[in-house]
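Worksheet for the structure shown next.
What follows is calculated from the coordinates using simple rules that are stated; it is not laboratory data. This structure is a prediction, so every number in the text was calculated from the model and none was measured. Cβ placement follows ideal geometry from the backbone for every residue including glycine, while neighbour counts extend to all protein chains displayed.
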Amino acid sequence: RRPASLLDDAAFGQTRIDLEPSFEPSRVPMRRLLGGFRLNARASMIFVTSGGIRTPLHPDERHGVLLHIVGAKNFVIIPSRDSDADAGTLRELLTLRDASGCHAELYGEPPCNESLRKVRRLQGELQPGDALFIPQRWLHDIESTTPTISISLRFGAWDMPNS
C-alpha cells in the first residue's frame, strides 16, 4: 500500500504549515505593496485542506492575500463598512461561525441568516493560480469544495494598527 497523500480523500481535516521557517521575507519585493506594510511571515502559512471543510465567517486584523495553488475553494467576503455599520447586524453575522453547512446552504438565496440581507456579499470560486485579497476587518468564509492547498500571506505587524 502506498502512504496516504495529504490530498487523498481518505485524509480529512486541515493542516497549517508555518511559512516563516523556510521563508526569507527580505527577498520578497513587497515593501510598497498594501500601503507599505511588510509581509508578516510569522503570521503567514500554508493550508492543506480536505474537501468539504469550511473556515467559518471571521475577520482578520491585518490585510491578507490568499494564493490558491491546488483544488477549488468557494469564498464569501463582506465589507467591514457593511458589517460594522450596526452592532446587532455584526453580532448576528458572527453567529455563522457556529453554523454548519456548505456555502450554498448558508449564503444562497434565500440566505440562512436574516442579517445577510443587510450587507453586500462578494462570492466566488478560487481555482489554481487565483489570488484573493482580503482587506483587514472584512468578514470572510472560505470553503474547500475539493482537497486544496493555499498560501495565506498576512501583512503588517500584529501589535500595530494599520492606518
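Computed values, structure above
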item	result
From phi via Karplus (6.51, -1.76, 1.60), per-residue ³J(HN,Hα) for the stretch 114-124 in Hz, x at Gly/Pro	4, 5, 5, 6, 8, 10, 6, 10, 9, 10, x
5 angstrom amide H check on residue 69, placed H, neighbours 5+ away	129, 149, 150, 151
10 Å beta-carbon shell around residue 60, net charge (K/R +1, D/E -1)	+2
The stretch 46-163: radius of gyration and largest Cα-Cα distance (Dmax), Å	14.1, 39
D_trans [Stokes-Einstein, Kirkwood Rh over alpha-carbon pairs] for the stretch 84-140, 20 °C, 1.002 mPa s, µm² s⁻¹	167 µm²/s
Positive minus negative residues near residue 143 (Lys, Arg vs Asp, Glu; Cβ under 9 Å)	+1
Around residue 97: net Lys/Arg minus Asp/Glu count, Cβ-Cβ under 14 Å	-3
